[in-house]
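Colleague: Structure below; questions to follow.
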Amino acid sequence: MNTKIKTDNLKLWYGNNHALKNINLGLYENKITALIGASGCGKSTFLRCLNRMNDLVSSAKVKGKVTVDDIDIYDKHIDVVSVRKRVGMVFQQPNPFPKSIYENVSYAPIKHGIISKGKACDELVENALRSAGIWDEVKDKLSAPGTSLSGGQQQRLCIARTIAVKPDVILMDEPTSALDPISTEKIEALMLELKEKYTIITVTHNMQQAARVADYTAFFHLGELIEYDETETIFVNPKQKKTEDYITGRFG
């Protein structure tokens, strides 16, 4: 198995708050890794380190190393835009642009110069929407606003938008927490399909979801990585008492 992303002694502070402490983790290619733990444990902060989204927080200070395919993404010569193109992100609340469904998907590829308007762009939009499992629902209304879709459809549109720039990695920050059970089921099925082509790292509060979709699970507690293993091992036979206590509902 290839390690796609590796963190070495990754530390992060928000001002004086030490939010991540010495995180050493290897995330595998074409696998789904779930990050679990109580609110405020550092899992979303860790996720945002993987595509430098924490750069947008003025008080954040990062130390240590994060490599994607052995390239240090915090190297001072690295172009942050190219990092975020390779490591896409889907957020908790669906956030389509205030543009048409078509433009939601085509905007970034055109802006990045991946494609120009015309037939090739039409094909890219269709392929991204198909990959996100939403093409059949929107193919007759591509000029309608993305915001006119239901919550679950908007989230799949955001996944299509992420796929359109051809990333290697998709980060998902609680992608189903704002959705109903049927939409959640569709997103989970989609994640299982997408891992054939992409490496997926997802933050979830939902233990059942982690057990259903993740190949690997990492348990965070108070900014530390407590345990990381195959999901079945974490849920059935955890090595750390803290992990067992969290999974069995004794805290969190």
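Colleague: Provide a single number: the residues in region 14-49 that are part of a strand (DSSP E or B), open to solvent by less than 10 Å² (accessible area, probe 1.4 Å) and within 22 Å of Asp72 (Cβ to Cβ).
Modeller: Looking only at region 14-49, we keep the residues that are part of a strand (DSSP E or B), and these are 14, 17-28, 32-36.
Narrowing the set further to residues that are open to solvent by less than 10 Å² (accessible area, probe 1.4 Å) leaves 20, 23, 25, 27, 32-36.
Filter once more, keeping what is within 22 Å of Asp72 (Cβ to Cβ): 20, 23, 25, 27, 33, 35.
Number of matching residues: 6.
Colleague: Name, by its number, the condition in (1) surrounded by 24 or more Cβ atoms within 10 Å (Cβ to Cβ); (2) assigned to a helix (DSSP H, G or I) that does not hold for Met172.
Modeller: (2)
Colleague: Let me ask something else about it. Quick check on this structure: which one of Tyr246, Tyr228 is in contact (Cβ under 8 Å) with a residue 60 or more places away in the chain, of a type in the set (Phe, Trp, Tyr) and touching a His at 6+ places or on another chain (Cβ under 8 Å)?
Modeller: Numbers: Tyr228 fails: touching a His at 6+ places or on another chain (Cβ under 8 Å).
Only one candidate qualifies: Tyr246.
Colleague: Please state which of the following conditions Val62 fails to meet, knowing it meets all the rest: (1) exposed (fewer than 13 other Cβ atoms within 10 Å of the Cβ); (2) farther than 26 Å from Lys195 by Cβ; (3) β-branched (Val, Ile, Thr).
Modeller: Exception for Val62: condition (1).
Colleague: Okay, next question. With the structure loaded, tell me whether Val105 is more than 20 Å from Phe219 (Cα to Cα), modelled with pLDDT of 95 or more and assigned to a helix (DSSP H, G or I) or whether it fails that test.
Modeller: On the way: more than 20 Å from Phe219 (Cα to Cα): yes; modelled with pLDDT of 95 or more: yes; assigned to a helix (DSSP H, G or I): yes.
Yes.
Colleague: Working only within region 193-206, note down all residues that are surrounded by fewer than 17 Cβ atoms within 10 Å (Cβ to Cβ) and farther than 22 Å from Leu20 by Cα.
Modeller: Hits for region 193-206 are Glu193, Glu196, Lys197.
Colleague: Any idea which of Ala128, Ala160, Ala144 is touching a Leu at 6+ places or on another chain (Cβ under 7 Å) and farther than 21 Å from Cys49 by Cα?
Modeller: Ala160
The values are calculated or read from the model by the stated rules, or taken from the named source; none is laboratory data. Note that the structure is predicted; figures quoted are calculated from it, not measured. Cβ atoms come from the backbone with ideal geometry, glycine included; neighbour counts cover every protein chain shown. In case anyone asks, the SASA skips ligands and DNA or RNA and just uses the protein heavy atoms, side chains included. Shrake-Rupley method; radii C 1.70, N 1.55, O 1.52, S 1.80 Å.
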